[in-house]
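First up is the structure itself, then whatever we jot down about it.
The values are calculated or read from the model by the stated rules, or taken from the named source; none is laboratory data. As the structure is a prediction and not an experimental result, all values here were calculated from the model. A quick note on method: Cβ atoms are made from the backbone with ideal geometry, for glycine too, and the neighbour counts reach across all protein chains shown.
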Amino acid sequence: MTTGNIVEFALKAFIVVMFGMNLAVILTWVDRRQGSMMQDRVGPNRAVAWLPRPLAQALMLVPAALAAGGIIFYFLKIPALPVERTNRAMFFSQLAIFALWATGVAIAGRVQRRGIDNSLDRFVSSLGDPRRIFYAGLAAHLGTALVAALLKGTPEGRQLREIGYGAGPAVLAAAVLAGAVYAAYSIRKQERVGLRLAGLLHPAADGLKTIWKEDFIPPNADRFLHGIAPIVSFFPVLVVLAVVPFGDTLCFAVKAGHTDYSQLLRAVPPGGVCVEGAVKLQVVDLNVGILYFFALAGTGIVGAALAGWASDNKFSLLGGLRAASQMVSYEVTLGLTVIGALMIYGTVRLDEMVRWQAENAWGIFVQPLAFFLFFTAAVAESKRIPFDLPEGESEIVAGYYTEYSGMKFAMFFFSEYVAVVTASALMVTLFLGGWHLPFVYRDGIHVAFGGTSYLDVPLTQLSAVLIGVLAFIGKVIALCWVQLSIRWTLPRFRYDQLMKLGWRMLLPASLVNVLATGLVMLAIASAGAVVHQSLATAAELTMVVVAGTGLALLVWFVAFVLRPVHKRRLIVSTSAKYAEAQGGTHTARMGA
Amino acid sequence: MNAPLGPRKVVGTPVFRAGRTVTVQSYLPEIARGLGITMGHFFKNTKEMVLGQRPDPVLESIEDGVNTISYPEQRRPYPERFRGVHRLTHRADGSPRCVACLCCSTACPAQCMYIVPAEYPAGDARRGYERYPERFVIDELRCIFCGFCVEACPVDAIRMDTGIHAAPYDSRDQFLFDKDLLLGFPGRDGQHDHINPRTEPGDPGFPGVTRDKHGH
């Protein structure tokens, strides 16, 4: 093991732990804040750090100036090779279009919030509905791509390419800088600016708070076990992330038999997985893969059971027992549902599972029932509503952590959210294609059916892998969010219902799934070439479905966010009269 | 006694109860419906929060969506007739209007007012005609904010239109508002005076008002 290996390992472990813990911290807050939001309340949003105006303006201007300078520097000092000229022109033109419409939409949003302040605001608000800016941007994106495709190889095309090559970076830098200048200008009248980071200061404040809180240990408790239980329940849920691949393999150059970390290969042959100089974006590539997850997830029970026993409290004990029995019950389903997927993928290595899904179809299409069962069991494993019987505050106070306070309580609480993240990461890897996005390959984005190419955008290795990592993170966040909204929606099960669901419904269903998978696999193995051909077409179709649905959802979401809200004002009371005189209740500040 | 035998006639309308249909029993469709409602509220409210378009709790109270306010950073304005902390109104020269007649402290059901009346100094036109409060103390902790003192006052000297609600303090003596403090509060319009003018002795605009004490 060389120094490079150790540094590489430490770096990957750091990335994964930071990802898991930070996402869990954010989820802890999101669960409260957005959970109130869906109940038409506001929730915790107080945490704010006040910055003096010059500092805030500097924080806006300096990074933007650096970014703009970087773009210009890149354009002037690192000219594109002749073969790359078209790609770079296209890339920067698209990025510039994006920057333009995004800045416009942001300004339109600000105008909606704060009213017209200057002539640029007046111009933007004269455009009307902010969705128009978005649609115009979309049209520009598509139009550029279309024009480029139509004029490919013609002299006009070459001329346009040169314009795009020069104007793209210039417009991009200008848009970035102009946005920052606008933002800095718009706060010129404020004494101080509140840094809220969209409310993300709140979880940090909460975490700090728990450190200073009293750490209570009941007089007759087992002090050692009481202290170690939170660690025992926190540790396994976090280390599970070690086997989850968060990106495609990075290929470095090889020098004298050693990986040269300073030189990342620009491109990897399509489908080629490098043998030497490979850095897997996965902390450890264990040959037992998913079994490691089950082994560690099983030990998570111990923490809850220890906490219940060591607290010297009836409710804690009941909670610990409930946690133990519930987790054992659902562990069985959890294990059995994956069997079907393992049979299809033919491996227990998570990395290879993702590769199988990338080459064929995502797991959710080949194992839909298993996905559903796994999802249910994983939610039950994390002991959250609607399966939060071990805590069940209306029945047993707070269950196994009744006697915990301060940071120890926070660790239990936190491990619950880390469990959400790890469960999501695992589900993404097993069923949602891990870091894979449809039509994104190691050398670029290619959309081709039956020999006809519809879209062909080459990418360097680094950007292809980065897209994969971002896709993984996005999928994990989406799945975490689904788990949260389940918590916001469903009431708690009764204890017998919980057991009945686990043993009488999920377990038989998972057994049926294994049987059905085996039968279908046998049938396919003995079927002719026609069946195989149609299956391959169906797999391609699933990719189209995923890509189409994803894009449509994205467009719908942006359009939804930009749709203006019309409110009716009703001034009937003197209270409303005062509120109107003050410019609305929300802006009324304390001033007794 | 002689109730007819047989089935009794049912009176009333049957209550609709959801049957145990397959969709209900299999949970999933209903869970999906519930998730849909949750997410609808979530998206709508989050969006309005982010864009600052959430309904105003007073002006748009009939709209749905998040309309809570972050008290105490943000406050709902009190209605016009809200009875807040008392104030003593001023005359044109800045002295209290109060004539120390003790009507308010007599009317006070909570007995929270303490007034020491005094005569104006010799030579003052008002001496012998009216008195002034040497001390005027209201225990705001004991006050029940009934407004009887305002009703009782014959010269419109005490009002509860400051718009300030009873504030929490650390100790009881901080709730004893004395004359200077009460005179210091403006009304909600920012004025220490108010629309009813107070005529002083010798005002040529009111010849009928004589201040001659010998007439009494």
| said: So, A:Lys213, is that one at pLDDT below 80, assigned to a loop (DSSP other than H, G, I, E, B), surrounded by fewer than 16 Cβ atoms within 10 Å (Cβ to Cβ) and not polar (S, T, N, Q) or not? | reply: no
Here the residues within region A:74-87 that are in a helix (DSSP H, G or I) and surrounded by 12 or more Cβ atoms within 10 Å (Cβ to Cβ) are A:Tyr74, A:Phe75, A:Glu84, A:Arg85, A:Thr86, A:Asn87
Out of (1) assigned to a helix (DSSP H, G or I); (2) crowded, with 16+ Cβ neighbours inside 10 Å, the one B:Phe43 does not meet is (2)
* Taking B:Thr106 as the residue in question, decide whether it is touching an Asp or Glu at 6+ places or on another chain (Cβ under 8 Å), more than 14 Å from chain A (Cβ to nearest Cβ) and at pLDDT 90 or above. => no
B:Ala122 in contact (Cβ under 8 Å) with a residue 40 or more places away in the chain and either in contact with a strand residue (DSSP E or B) (Cβ under 9 Å, 6 or more places away or on another chain) or surrounded by fewer than 18 Cβ atoms within 10 Å (Cβ to Cβ) (or both)
no
Just one listed residue, out of B:Ser105, B:Ser61, is surrounded by 13 or more Cβ atoms within 10 Å (Cβ to Cβ) and either touching a Ser or Thr at 6+ places or on another chain (Cβ under 8 Å) or closer than 30 Å to A:Pro130 by Cα (or both), and it is B:Ser61
Over region A:29-66, the set of residues of a type outside the set (Phe, Trp, Tyr), surrounded by 20 or more Cβ atoms within 10 Å (Cβ to Cβ) and at pLDDT below 85 is A:Val30, A:Asp31, A:Arg33, A:Gln34, A:Met37, A:Met38, A:Gly43
The condition of being touching a residue at least 24 places away in the same chain (Cβ under 8 Å), surrounded by fewer than 20 Cβ atoms within 10 Å (Cβ to Cβ), closer than 22 Å to B:Gln191 by Cβ and not basic (Lys, Arg) holds, among B:Ile158, B:Ile164, only for B:Ile164
Of the residues in region A:468-491 that are more than 14 Å from chain B (Cβ to nearest Cβ) and not hydrophobic (A, V, I, L, M, F, W, C), the one that is nearest to A:Arg355 (Cα to Cα) is A:Gly468
When restricted to A:Phe493, A:Phe472, the only residue touching a residue at least 60 places away in the same chain (Cβ under 8 Å) and not in a helix (DSSP H, G or I) is A:Phe493
So, A:Leu321, is that one surrounded by fewer than 19 Cβ atoms within 10 Å (Cβ to Cβ) and closer than 12 Å to A:Gly399 by Cβ or not?
yes
Only one of (1) facing chain A (nearest Cβ under 9 Å); (2) at pLDDT 80 or above does not apply to B:Pro55, and that is (2)
Among residues of region A:107-161 being among the acidic types (Asp, Glu) and part of a helix (DSSP H, G or I), the residue nearest to the other protein chains (Cβ to nearest Cβ) is A:Asp121
Restricting region B:159-186 to residues that are in a strand (DSSP E or B) and of a type outside the set (D, E, K, R), the one farthest from the other protein chains (Cβ to nearest Cβ) turns out to be B:Leu176
Note: among B:Gly34, B:Gly65, just one is facing chain A (nearest Cβ under 9 Å) and either farther than 28 Å from A:Phe557 by Cα or assigned to a helix (DSSP H, G or I) (or both), namely B:Gly34
Only one of A:Val561, A:Val546 is of a type in the set (A, V, I, L, M, F, W, C), surrounded by 15 or more Cβ atoms within 10 Å (Cβ to Cβ) and at the interface with chain B (Cβ under 10 Å from one of its Cβ atoms), namely A:Val561
Note: among A:Ala358, A:Ala380, just one is out of contact with any helix residue (DSSP H, G or I) (no Cβ under 9 Å at 6 or more places or on another chain), not in a loop (DSSP other than H, G, I, E, B) and not β-branched (Val, Ile, Thr), namely A:Ala358
Note on region A:223-262: residues at pLDDT below 85, aliphatic (A, V, I, L, M) and assigned to a loop (DSSP other than H, G, I, E, B) are A:Ala256
Selection over region B:68-103 where residues are more than 14 Å from chain A (Cβ to nearest Cβ) and either more than 21 Å from B:Phe177 (Cβ to Cβ) or outside any loop (DSSP other than H, G, I, E, B) (or both) yields a count of 6
